[in-house]
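The values are calculated or read from the model by the stated rules, or taken from the named source; none is laboratory data. Quick caveat: nothing in here was measured; it's all calculated off a predicted structure. Neighbour counts are summed over all protein chains in view; Cβ atoms, including those assigned to glycine, are modelled from backbone coordinates with ideal geometry.
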């Protein structure tokens, strides 16, 4: 996913000094924690700020927030991102893989709500990810569209943080059915080539035939 030419793009990070954390509902889902949060923005059409942050919420004990560009991030559409709320205070080398869903709710007809999802490897430097083009501003501000009711806009986020894997104790045969090749000191490139070739049916067939011929 390339930020410069794709729909999803990083936004500008911000420093967080103190935070009030909303405890959202979290559930165990395939060994990872999933959290959900809904943000109701009042007086939307009167907002003057170029960007806006939601209250902080938690998923898998990590602090997240929604980053919103009410007037668009250099586009004529609503721009919505997921942001690591406390990235400025996290230790060097921190990272987490997460799958998230962002929804701009249509309050009159839920079937017309706009839903977008993405996967991203969050780090201190790449601390936010989302969508620059979410809903056209003309449609969002039209009271007949259902996205803005009584000048209120509703946006929700669902975040699933993938569990951390201890690669030192990871059993590849148990998890995948395959066994890798041990690095003999400087054979890692050869190992990668051999394992890649093994997944090519024709190469695997030729190798097996020659082995049996011996």
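Quick notes on this structure:
- Options 107, 184, 195; residue that is under 26 Å from the mean Cα position of the chain (by Cα) and not in a strand (DSSP E or B): 107
- Residues being surrounded by fewer than 16 Cβ atoms within 10 Å (Cβ to Cβ), in contact with a helix residue (DSSP H, G or I) (Cβ under 9 Å, 6 or more places away or on another chain) and touching a residue at least 12 places away in the same chain (Cβ under 8 Å) - total across region 121-133: 1
- Selection count where residues are surrounded by fewer than 18 Cβ atoms within 10 Å (Cβ to Cβ), outside any loop (DSSP other than H, G, I, E, B) and in contact with a strand residue (DSSP E or B) (Cβ under 7 Å, 6 or more places away or on another chain), scope region 140-153: 1
- Which numbered condition residue 88 misses (of (1) assigned to a helix (DSSP H, G or I); (2) under 25 Å from residue 45 (Cα atoms)): (2)
- Qualifying residue in region 44-54 (condition: farther than 30 Å from residue 138 by Cβ and free of Cβ contacts under 8 Å to residues at least 24 places away in the same chain): no
- Any chance residue 118 is farther than 18 Å from residue 57 by Cα, within 10 Å of the chain's Cα centre (by Cα) and either in contact (Cβ under 8 Å) with a residue 12 or more places away in the chain or crowded, with 16+ Cβ neighbours inside 10 Å (or both): yes
- Of residues in region 79-109 being modelled with pLDDT of 95 or more and exposed (fewer than 15 other Cβ atoms within 10 Å of the Cβ), the one farthest from residue 144 (Cα to Cα): 109
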